[in-house]
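Step one of this worksheet: look at the structure below.
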Amino acid sequence: MVKTITINDEAYRALAELKGEGESFSEVIIRILKGRRVNLGDFYGVFRDNADLWLRIEREILEGRRRASLR
């Protein structure tokens, strides 16, 4: 099945730069998305010994979300 999507010129140029010879845009998108998958279990316990760092990170995340919702 084929679907048509609309992207802006900047997104097109970015994908075109990543596109290898003979590679379709669909293949580029799939390659990028597969590379971004993360196993969250790998991070389990990372902040166990540094709760202060986790609290600072959490505050920054929440602040970023708040700013994004104000846009």
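The values are calculated or read from the model by the stated rules, or taken from the named source; none is laboratory data. Quantities reported herein were computed from a predicted structural model and do not represent experimental measurements. Glycine also receives a Cβ, built like all others from the backbone with ideal geometry; neighbour counts cover every protein chain displayed.
Search region 35-71 for residues being of a type in the set (S, T, N, Q) and farther than 30 Å from residue 18 by Cα, and hand back the single one that is modelled with the lowest pLDDT. The residue in question is 69. Across region 30-41, a minimum of one residue is classified as among the β-branched types (Val, Ile, Thr), assigned to a loop (DSSP other than H, G, I, E, B), loosely packed, with under 10 Cβ neighbours inside 10 Å and out of contact with any Cys (no Cβ under 9 Å at 6 or more places or on another chain). Residue check: residue 54 meets all listed conditions (1) at positive phi; (2) of a type outside the set (D, E, K, R); (3) surrounded by 10 or more Cβ atoms within 10 Å (Cβ to Cβ) but one, namely (1). Give region 1-29 a look and list any residue that's acidic (Asp, Glu) and assigned to a helix (DSSP H, G or I), or say none. Matches in region 1-29: 9, 10, 17, 27.
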